[in-house]
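First the structure, in the form of structure tokens, and then the observations on it.
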């Protein structure tokens, strides 16, 4: 299933995308899409619905974050070998774990607001992994059984903030730095998360092209690793790293985002994001 939430910020309704790619209203079936609704039992119940019998949403409303209740926004750095190379960083011996503030979360087509003092705003298309059942000290073999689904994440980064100290969080957690969506795609549609094509364009020019098969640490390894240090709860999301082509890595002169630029992100079977960069006001 491709689950989503649509409508104005703060007033989103639950929806599902049917087999023809059309938006259907789920609000008569469930009140919202959150940790309870993405549990295995609830997803099984929802999967029995015939999407084409649900009310069709004829307009093209804003799509919000596809589910609510994100307690932790975990991210993995330097997880594609080519990206580590372009960043001039060694291949990590274990996953590099950092956190993005939950206040950075925004919808897949909402504006990205360049924060005050920003000079090096950058893009990163990433596979997001949504946890469906509590994961604590899980093995790599059982890790994927804790996944509810997958989505696109733009790990928007402010490099001058990020590199100011050894801790990256302030360059990764500013408001609007975490667009998620457009859909939460359940695991039955993504049997292998390590074979998904990824792309990101800026103003129509292809900047990133990759595939999740070139991850240094795969999704199962990442979930197992993170669960050794923190309990992963239903609704938690993990951004799993970005392929090469970020602005910081462009030679000889890095390229960074400026107000008016438009980012378009896609991951195979997970849909498309599109954000405009706007200047901070106030």
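The numbers here are math on the coordinates, done by the rules we state, and not lab data. On a predicted model such as this, the values are computed, not experimentally measured, just so you know. Quick reminder, even Gly has a Cβ in these numbers, built from the backbone with ideal geometry, and neighbours come from all protein chains shown.
Remarks
- Between residue 91 and residue 31, the simple label model (points 7 Å from Cα in the Cβ direction) yields a spacing of 5.0 nm.
- Ratio Rg/Rh, restricted to the range 11-111 and using Cα atoms, in which Rh is the Kirkwood radius: 1.10
- A convex hull fitted to the Cα coordinates of the range 166-282 yields 161 cubic angstrom per residue.
- Multiplying the residue separation of residue 82 and residue 269 by 0.36 nm and subtracting their alpha-carbon distance yields 65.0 nm.
- Contact order relative to length of the chain, as percent, for alpha carbon pairs under 8 angstrom and 6 or more apart: 25 percent
- For the range 2-53, alpha-carbon Rg and Dmax in angstrom: 10.7, 29
- Stretched out straight at 0.36 nm per residue, the stretch from residue 209 to residue 57 would grow longer than its current Cα-Cα span by 51.4 nm.
- Between residue 175 and residue 102, the contour length at 0.36 nm per residue exceeds the Cα-Cα span by 25.4 nm.
- Per residue, the Cα convex hull of the range 89-211 amounts to 149 Å³.
- Spatial offset of the range 65-81 relative to the range 1-49 amounts to 20 Å, using the alpha carbon center of each.
- Calculated mean residue ellipticity, 222 nm, the chain: -2500 deg cm²/dmol, from DSSP H runs (n ≥ 4) at -39500 (n - 2.57) each, averaged per residue and rounded to 500.
- With a simple spin-label model that places each label point 7 Å from the Cα along the Cα-to-Cβ direction, the separation between residue 166 and residue 139 comes to 3.5 nm.
- With semi-axes defined as the square roots of five times the eigenvalues of the C-alpha gyration tensor, the equivalent ellipsoid of the range 232-282 measures 25, 18, 14 Å, largest first.
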